[in-house]
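Q: Shown below is the structure under consideration.
The values are calculated or read from the model by the stated rules, or taken from the named source; none is laboratory data. Since the structure is predicted, the reported quantities are computational estimates derived from the model, not experimental observations. Quick reminder, even Gly has a Cβ in these numbers, built from the backbone with ideal geometry, and neighbours come from all protein chains shown. Remember, those area values only see protein heavy atoms, side chains included, never the ligands or the DNA or RNA. Shrake-Rupley method; radii C 1.70, N 1.55, O 1.52, S 1.80 Å.
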Amino acid sequence: MPNSLMEAMASKVAVISSNVGAVPDLIDDEVNGLLFKPKDTKALSIAIQRLIINKEERDIFASRAAEKIFTNHSLESVVPTFKGIL
């Protein structure tokens with residue numbers, strides 16, 4: 001899990017990321033952020049412009065991103081996962 005992405009989402013920042021690794025576990029494309037194919041600089045540029053222009057969409061994605069982090073990745077939700085391991 002990319003910590004910088006989780007921190008941005010928890011800080012209510014709209015996120016854009018390439019669709020690699022564990023990123024799709026955090027970002028639901030078009031729901032709480034935007035994903036683009038790796039190395040697709042044109043898609044990245046379009047996503048950036050889209051969120052710069054559309055404040056309402058940016059705010060919705062940011063709010064949903066924070067909600068997902070605090071619901072699915074909070075200390076309270078993660079600790080039970082590790083109880084059997086520790």
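Q: Hey, any hits in segment 26-40 for a residue that's at pLDDT 95 or above, among the charged types (D, E, K, R), in a helix (DSSP H, G or I) and loosely packed, with under 14 Cβ neighbours inside 10 Å?
A: Within segment 26-40, none of the residues are at pLDDT 95 or above, among the charged types (D, E, K, R), in a helix (DSSP H, G or I) and loosely packed, with under 14 Cβ neighbours inside 10 Å.
Q: Moving on to the next point. What are the residues in segment 41-60 that are over 18 Å from Thr71 (Cβ atoms) and either open to solvent by less than 30 Å² (accessible area, probe 1.4 Å) or among the hydrophobic types (A, V, I, L, M, F, W, C) (or both), if any?
A: The answer is Ala43, Leu44, Ile46, Ala47, Ile48, Leu51, Ile52, Ile53.
Q: For residues in segment 61-75 being open to solvent by 70 Å² or more (accessible area, probe 1.4 Å) and at pLDDT 70 or above, which is nearest to Asn32 (Cα to Cα)?
A: The qualifying residue nearest to Asn32 (Cα to Cα) is Arg64.
Q: If you scan segment 12-25, which residues turn out to be over 9 Å from Ala65 (Cβ atoms), assigned to a loop (DSSP other than H, G, I, E, B) and open to solvent by 60 Å² or more (accessible area, probe 1.4 Å)?
A: Asn19, Val20, Gly21
Q: Counting just the residues of segment 1-11 that are assigned to a helix (DSSP H, G or I) and of a type outside the set (S, T, N, Q), which one comes out surrounded by the fewest Cβ atoms within 10 Å (Cβ to Cβ)?
A: Glu7
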